[in-house]
1. Is the protein assembly as shown best put as rounded, prolate or oblate by its Cα gyration tensor, with a ≥ b ≥ c the root eigenvalues, rounded for a/c under 1.5, and otherwise prolate when a/b is larger than b/c, oblate when not?
2. Let me know the mean shielding of C:417-427 by other chains, meaning the per-residue number of their Cβ atoms within 10 Å of its Cβ.
3. Which of the residue pairs B:Lys231/B:Lys283; C:Lys166/C:Lys229; C:Lys260/C:Lys373; A:Lys143/B:Lys283; C:Lys306/C:Lys373; C:Lys166/C:Lys306 have a Cα-Cα distance greater than 18 Å in the structure shown?
4. Report A:Tyr54's accessible area, 1.4 Å probe, all protein chains in place, as a number in Å² to the nearest 10.
5. Set Lys and Arg Cβ to +1 and Asp and Glu Cβ to -1, take the dipole of the protein assembly as shown about its Cα centre, and tell me which of A:Leu44, B:Ser217, C:Ile400 lies farthest positive.
6. Report which residues of the range B:136-153 become buried by 40 Å² or more of accessible surface when going from the isolated chain to the complete set of protein chains (1.4 Å probe; DNA, RNA and ligands ignored).
7. Any residues in the range B:55-72 that have 40 Å² or more less accessible area with all protein chains than in their chain alone, probe 1.4 Å, and which are they?
8. Can you tell me, using C-alpha contacts under 8 Å and at least 6 residues apart, the relative contact order of chain C as a whole percent?
Amino acid sequence: MNTPPNLILLFVILFNFFILGTSRLNTCIRSVALQGALLSLLPLFLHTLTFHTYLLAVGAFVLKGLLMPWLLFRAIRQVKIRREVEPRIGYIPTLLLGALTTAGAFIFGDRLPLLPEHLHSLFIPAALSTLAAGFLMLITRRKAIAQVLGYLMFENGIFIFGTLLAETMPFLVEMGVLLDMLVAIFVMGIVMHHINREFSTLNTEQLSLLRE
Amino acid sequence: MIIRLLLHFLLLAGLSPLLIGVITRTKAIIAGRQGAPLWQPYRDLRRLFGKDMVLSSTTTWVFRAGPVVGIAVPLIAALLIPFGAVGAPLSFSGDLVLFVYLFGLARFFTVLAALDTGSSFEGMGAAREATFSCLAEPTLFVAFIVLARISGSFTLDTMFKTLLANNLQTVYGVSLVLTAICLFIILLAENSRIPFDDPNTHLELTMIHEVMVLDHSGPDFGLILYGAAMKLMVMGTLVVNFIMPPSTGDLFVDAAFYTAALLALAVGIGLVESGMARLRLLKVPQLLIGTSLLSFFALVLLLR
Amino acid sequence: MTPIFATDINGLLLALAVLLAGGLLCLLAGPRARLAHLLGASTAALASLIGLTAALPALSVAGSQQVALSWPAAGLNLALTLDPLAAFFLLPIFLLTFCGALYAIDYLHFPARSWRAGLHWFFYNTLGASMAVVVLAANGLVFMLAWELMSLSSFFLVTHDYQEEKVRQAGWLYLVATHIGAAFLFFVFFEASRVAGSLDFASFAALRALPVDATLLLFFAALIGFGAKAGLFPLHVWLPDAHPAAPSHVSAIMSGVMIKTALYGLLRLLTWLPPIPAWAGIAVALLGITGALFGIAMAATQTDIKRSLAYSTVENIGLIFLGLGLWLFCQATGHEQAAVLALVGALLHIWNHSLFKGLLFLGAGSVVHATGKRELSALGGLLRRMPLTGSLLLFGAAAISALPPLNGFISEWLLYLSLFNAGQDAAGGAAFFFMLLAILLALTGGLVVLVMTRLLGVALQGEPRSAAAAEAHESSAVLIAAMSIPAALCLLVGVMPQLPLQGISGPLLTLLAPNHAPTGSPLLPPFGPAWSLSLLTGLAALVAIVAIRTWRRRNASRLATWGCGYLKPSARMAYTAGSYSQFAQDTVFCSCVTPTGASTRGPALFPPPAQFGQERLDPALTRWFLPLFGKLAERAYAFRRLQAGQLSIYVLYIFIATILLLGWGIMAP
């Protein structure tokens, strides 16, 4: 339980709670970035230290920990939002849902047919609960930028799964996922910028009026 | 048995105002002031006990009973928990429930004593106290459940004794650390410290505990302050017990260790209070629920 | 010492006879109200005393005593049986009937010449007798007859103040709810008699051989039927209306013991059925804790003191069902010790709740009697004007908040211990489930303190909020005496829990849970004489020390409450019940239990006079049952065409029905 990867994963789960419960956008972005940066350390502890591992770790760190938050902060500056995240169903219910999904992730993770060395590690529960937290962000937040954060958490969850498989899976797949996300964020940033200029709001509920 | 009982009482009665003094002094030093001497709380108590009283003409016996229960409860509750390696004088299976509900008893009377004045300030404080405690109580239970699960016992004494065997290194370490953090937050919440409440302000609209005791004066107010100090010490003991070394065999050496740890905790509280601002009142439930979830998570980690 | 009355089932027959004769005599007294009043109260009190002395020894005697009045020609067997389970429920029934009768002497006032006194006491005595027969019945027919009698007599008692529209509505809702429940019970007994071959409870032992699905069908039908009477969420909808509508001593009896007869029915059924699967136990426990949280949240928003107490009854019933569900679950999964703890906790809570809820309803009645108001916003300042009544109410509130050293604490403690024990034995998801229940139980406990401090803090303390409250006077000695009995028992159970626990964990436990090993040992350690002694001496010593210190004569000057320098505070400045619970409403409760408000204030430039009103409707009633019954009524309109209004057509219907039945009789094998 006290091995470094498990501690990292523990902090990742705690960050999930923190992100779901916090109301400040800046804190949210920083936390997601920190979560990503923590995760990028994971391959170093898990696998033999080859070039591949280093590349994966450094790449993930640069992308998740530096580039994405920088982009997001830039987007915030451009569209001038410093307001809170405006949840749809309140922070406390979101947090409770997060706790329930985490508990579910733990129960479910124990039922999966895993390799014996992964059986009681935190990998599967952490991955599942991060995925669920990402979903919750997507579902419960109104602002488009908070939804982008949801996608990022989602990606963090996938990354945890990915590191488990990194030795058997070509790292290009992982890189591809990261790039996808990067592009998605670019697009989001541009779209948000323009939406904000046209409608002077980023509230996605008002966007739904655009349907035919 | 008798010696342990006396030791418990003496430690509680003698040490608890000192904790308040240490906290205040720490805050003063951090703020760049010299601060009041450490024994100022003792002087305050003596001064208050020597004073006459002013009673509101609206009040009844409940108003006078509030402070009495407020000091009796920490005294009884302290008998159920070990002070570091100094064992609890009174313990039986399931006493953890008694421990939690004793504080419910104190709350019941404090709140009713506040409402007895008919003042809206005190009503406001009472409502906040009752509401926040609803949220804080489950966390305390989860923390105890975690300990009970680890030690296999429902006796507070055994539960905390098992801790002393240095479980932080074992598989339970993570859960224990999380639980200790939760207990520390609950300590701050239940004793109305920053960031939940500011013990220094007397601005009624922002307060929980201080506003409930606005109308108490003289010896009654002294009892309230003394009781609050004891409650701080009892709750603080729960946190301190997580880091105490195992028993050395000598009762008084153990007690000295415990005292040192408790004073360190008081300095810690002072540092936290210096470094933080009071939360907006509406954020407090959020933090408390977050704390329950944290403790819940510790339980999940333990149960898997 | 030889007992004055027969201490076996004959004593109970005597009590029943006195109750029924007293009721009839009251009717015979006709419009002489004073005579009927005295007759009714004295017979009810006398019969209760006889019943108490007869039932008490039966609790600790294994086996049962029977009396039967057979009528083989009609296939009837009017049998009564006294066994520990019946005695367990008879004790609170007779105790509260006694207190209620005593209380009513000074509580009720009748015009000198009216039939109402006679009618009231007739129904009161009938209610007492029918409740006793329900738990004594040894035959499905007797049970259902007494059950119906109980429902009807309590209905007439609820509608005591039938001139008020609200009371009539409450009575109507109660009647509908209780009869829907009764329909399910009829199904249970017919199904059971079909399997067993007779309606005699003795023959129901044959149910032991039922397959699982038939068992579950019977169990859940009984859960709905009995749950509707007990006030199990979401079938509680009649309860918050009926309890405030009834006179207070009737509320005390209904809430304290009448709804518990439903628990008796369920427990009795469980002694016949084969073991219930574990998931059904989980379902009952979850229903129980949901009801507990829902009830206490609703109680926190009510502004009527008796309605709030009624919702607190929903909460306590939830706790009892939590204990029962836990018992079933632990029994099915083999957590022996946890099962016993849960069962004993639930049983003790049944007793405890009748004690403190009886006390609280009687106390609330005294408040209503003294002021004529039930609204919290019209009370206040009563502890100074009615010190004894107020203190007794505080005592009851402390007991119901499960504060040590009173009785509520003991039963909740047992529930906690059961949850912890089970959680300790279990692993993974199951352990998690128990711990979750323990956390929710703790949340409920916190909310009860909130509700009770709100209720009493606003009603009893501060300054009076209306002229009526300002002129209130202390209740009469009779009222105080009637309230002191349950209060004394609350303290006794809290300080010496080993007494009731011995009563419960004896033959009663063997009857309910025959598979368990004798269980004296795991229960008693925390509750030995040492517990009482340490509790009493500790408390006495502390209170004495501190009291001497503070109560020493001082020049305590009396001034007005400090109001930020404002020297003429008025009750209108005080914190109201609504504001007290507002914070909890905003932060803890889900939106479905918060009151719905309507304001006429518009966003006009010069706003016209505005009004603001709040409604506290039960969400289960308004969101589930009313739409459901509305839909059913729409469907049922089609049948109105059958109602032709001509006798000949009705006879035709009867004729067709007869033919069809005859045809069915021939076709069926």
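1. Values: a/c = 1.63, a/b = 1.33, b/c = 1.23.
Because a/c hits 1.5 or more and a/b exceeds b/c, the protein assembly as shown counts as prolate.
2. Details: counts 5, 0, 2, 10, 4, 0, 5, 6, 0, 1, 2.
Whole-number average of other-chain Cβ neighbours for C:417-427 is 3.
3. Where the Cα-Cα span goes over 18 Å, the pairs concerned are B:Lys231/B:Lys283; C:Lys166/C:Lys229; C:Lys260/C:Lys373; A:Lys143/B:Lys283.
4. Ignoring ligands and nucleic acids, A:Tyr54 comes out at about 110 Å².
5. Result: B:Ser217.
6. B:Pro138, B:Phe141, B:Ile145, B:Arg149
7. At a threshold of 40 Å² (probe 1.4 Å), the residues of the range B:55-72 that become less exposed are B:Leu55, B:Ser57, B:Thr58, B:Thr60, B:Trp61, B:Arg64, B:Val68.
8. Numbers: 1061 pairs, mean separation 76.5, N = 669.
The value is 11 percent.
The values are calculated or read from the model by the stated rules, or taken from the named source; none is laboratory data. Please read all numbers here as calculations on a predicted model, not as lab measurements. Cβ sites come from the backbone with ideal geometry, for glycine too, and all protein chains shown count toward neighbours. Ligands, DNA and RNA are stripped out before the accessible areas are found, and what is left, the full protein with its side chains, is counted by its heavy atoms. Shrake-Rupley method; radii C 1.70, N 1.55, O 1.52, S 1.80 Å.
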